[in-house]
Amino acid sequence: MPKAPSSNELLPLTPPVFHILLALAHEDRHGYGIMQDVAQQTEGSLQLGPGTLYGCLKRMLAAGMVEECDERPDPSLDDERRRYYRMTPLGKKLVRAEAQRLAGAVTVAMTRLAGESA
Amino acid sequence: MNSDSLWIGGLCRLYGLLLYAYPAGFRREYGRPMQQLFRDRCRDVSRGSGRASALWFALSTISDWVRTAVRERASAAQAAAEKRAPRSSATEWAGTILIYLFATTTLVQAYVVPTGSMEGNLLIGDHILVDRLAYSDPGPLGRRILPYRDIQRGDIAAFLYPEDVRTTYVKRIIGLPGDRIHFENGTVFRNGRRLAEPYTQHIASFPDAYRDNFPRPPEPFTTPRGRDMLEHHVCDGEVIVPPGMLFALGDNRDNSADSRYWGFVPRSYVVGKPVLVYWSYDAPTADFESWNLRHVVDVAQHFFTRTRWNRMLSVPRSQEAQ
């Protein structure tokens with residue numbers, strides 16, 4: 001197992017990682033649940049394919065941002081067992097830091113672009 | 001089970017095949033959930049907005065598949081390389097050493113010419129590479145596919161000195177099995193024909209009947225093998241080369257311990273063909289016969305001045321006598 005990188009090295013987060021963490025902010029989800037939630041968050045502009053989603057999850061598990069919690073069926077789909085993921089404290093810290101960074105960037109952008117258009 | 005689920009099942013099986021593009025470790029860990037996710041999505045999309053959209057989703061998955069399969073392959077290869085790293089240098093060295101041992105024992109070997117017996121062509125201190133395959137037994141297959149050629153008259157060959165196989169000699173092969181050899185006043189006659197040998201050098205300081213009018217009765221420095229040759233293989237004043245043997249002479253004809261003195265060279269003692277002088281250094285015979293510190297110091301001090309630069313990378317030539 002490679003050594004987990006420090007949280008500074010993990011920032012900024014890529015959009016898929018950021019949205020996956022947001023999807024796990026309040027509840028544990030399985031892969032398809034994450035995919036649906038991310039699509040909802042981004043109003044359909046970010047559709048995670050299976051490879052992208054599980055590739056990200058693999059790296060996020062290695063970095064300690066998420067953990068697997070259990071395998072259970074999702075009653076809203078069928079009775080097949082699905083693997084559920086949960087955000088770790090590190091994941092929470094990172095998603096907050098990223099949101100802050102984005103908020104800062106948005107503020108700067110608003111100021112500059114407002115000045116430009118005026 | 002309706003037609004939709006059949007149709008989706010087919011797509012899922014197809015996707016299951018595509019998963020083989022991912023590295024095995026990744027596939028084992030995530031293959032099943034990925035397939036599950038693919039099926040869930042197809043099902044939802046076809047339920048909501050029809051079969052066409054589900055197909056559209058399946059097609060868009062292909063671009064995801066290409067990108068991520070490449071990415072996972074690359075990361076798996078990198079992880080494997082990192083894992084191997086501490087061992088790889090050792091194995092690489094082992095490989096190098098094996099190849100080196102193989103190459104130096106079966107393909108080429110380096111020798112130093114310690115004496116002036118081939119002077120004119122090879123000088124004392126010539127460091128030569130010997131092609132060990134050139135005169136080796138090619139075997140039934142190699143004979144057809146490799147450029148083998150058996151020893152011919154006039155070839156220069158490196159061989160084990162028959163009286164002491166720890167030493168390697170380099171001489172010119174004059175007689176093949178069946179050839180009749182004799183000397184008249186320093187000139188070689190083979191099978192009754194006088195040889196014109198432009199490559200030889202005659203710098204005799206004194207006449208020597210044994211040397212110049214060979215064969216003669218043994219002299220004190222004729223070795224046991226030489227005596228055996230004179231005893232059993234001389235007929236009508238000529239040496240007859242027996243099967244499996246070669247008659248070898250130095251080009252520095254008047255100053256060469258060769259077949260005249262120590263007899264025939266067994267064919268199997270031939271090591272190979274000198275192909276290249278890779279370094280030539282001017283120093284006395286003794287320095288090349290045994291290792292000594294003085295020689296090392298000498299080379300260190302005079303490397304540039306005593307190296308015979310014009311001989312470097314020269315090729316010792318075979319030459320058929322006229």
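Rank the residues B:Trp279, B:Trp291 as a footprinting-exposure proxy: fewest other Cβ atoms within 10 Å of their Cβ go first. Before the final figure, lay out each step's value.
Numbers: B:Trp279 20, B:Trp291 8.
The most exposed by this proxy come first: B:Trp291, B:Trp279.
For chain A, the longest principal axis of the C-alpha atoms and the axis of helix A:50-63 are separated by about 90°.
Taken one residue at a time, the phi angles of region B:122-128 give Karplus couplings (6.51, -1.76, 1.60, θ = phi - 60°) of 10, 9, 4, x, 6, 9, 10 Hz. Gly and Pro are set to x.
For region A:1-98, a simple Cβ point-charge model (Lys and Arg +1, Asp and Glu -1, everything else neutral) yields a dipole of about 440 debye relative to the Cα centre. Adding -39500 (n - 2.57) for every DSSP H run of four residues or longer, then dividing by how many residues chain B holds, sets the calculated 222 nm ellipticity at -14000 deg cm²/dmol. For chain A, the longest principal axis of the alpha carbon atoms and the long axis of helix A:31-41 meet at an angle near 30°. A straight line joining the Cα centroids of region B:274-316 and region B:7-58 runs 73 Å. Taking the helices alone, chain A has a mean residue ellipticity at 222 nm of -18000 deg cm²/dmol, built from -39,500 (n - 2.57) per DSSP H run of at least 4 residues and averaged over all its residues. Computed from backbone phi with θ = phi - 60° and the Karplus coefficients 6.51, -1.76 and 1.60, the 3J(HN,Hα) list for region B:242-250 is x, x, x, 10, 10, 10, 10, 10, x Hz; x is used for glycine and proline. By definition, a body whose alpha carbon gyration tensor gives a ≥ b ≥ c is oblate when a/c is 1.5 or more and a/b is not larger than b/c, and region B:113-311 fits this oblate description.
Less than 5 angstrom separates the built amide H of B:Ala134 from those of B:Lys273, all sequence-distant by 5 or more or on a different chain.
Under unit Cβ charges (Lys, Arg +1; Asp, Glu -1), what dipole magnitude, rounded to 20 debye, does the protein assembly as shown have relative to its Cα centre? Show your work: numbers first, answer last.
Details: 54 positive and 49 negative charges, 264 e Å.
Around 1260 debye, computed over the protein assembly as shown.
Take peptide B:171-177, look around each residue's Cβ out to 10 angstrom, count Cβ atoms belonging to other protein chains, and average those counts. Numbers along the way, then the final one.
Numbers: counts 0, 0, 0, 0, 0, 0, 0.
Per residue, the number of nearby Cβ atoms from other chains is 0 on average.
Kirkwood's formula applied to the C-alpha pairs of chain A gives a hydrodynamic radius of 15.5 angstrom. Arranged from fewest to most other beta-carbon atoms within 10 Å of their beta carbon, B:Tyr261, B:Tyr210 become B:Tyr210, B:Tyr261.
Amide H contacts under 5 Å for B:Phe183: B:Phe189, B:Phe214, restricted to partners 5 or more places along the chain or on a different chain, H placed in the peptide plane at 1.01 Å from N. Note on B:Met312 and B:Asn255: the model spin-label points, each 7 Å out from Cα along the C-beta direction, lie 2.7 nm apart. Only helices reaching 30 angstrom along their own axis (Cα) with mean Kyte-Doolittle hydropathy no lower than 0.0 count here, and for the DSSP H runs of chain B these are B:51-102.
Rule-based calculations on the coordinates, nothing more; no lab input. Quick caveat, the model's predicted, so the values are computed rather than measured. All Cβ positions, even for glycine, are placed from backbone atoms using ideal geometry, and neighbour counts span all protein chains on display.
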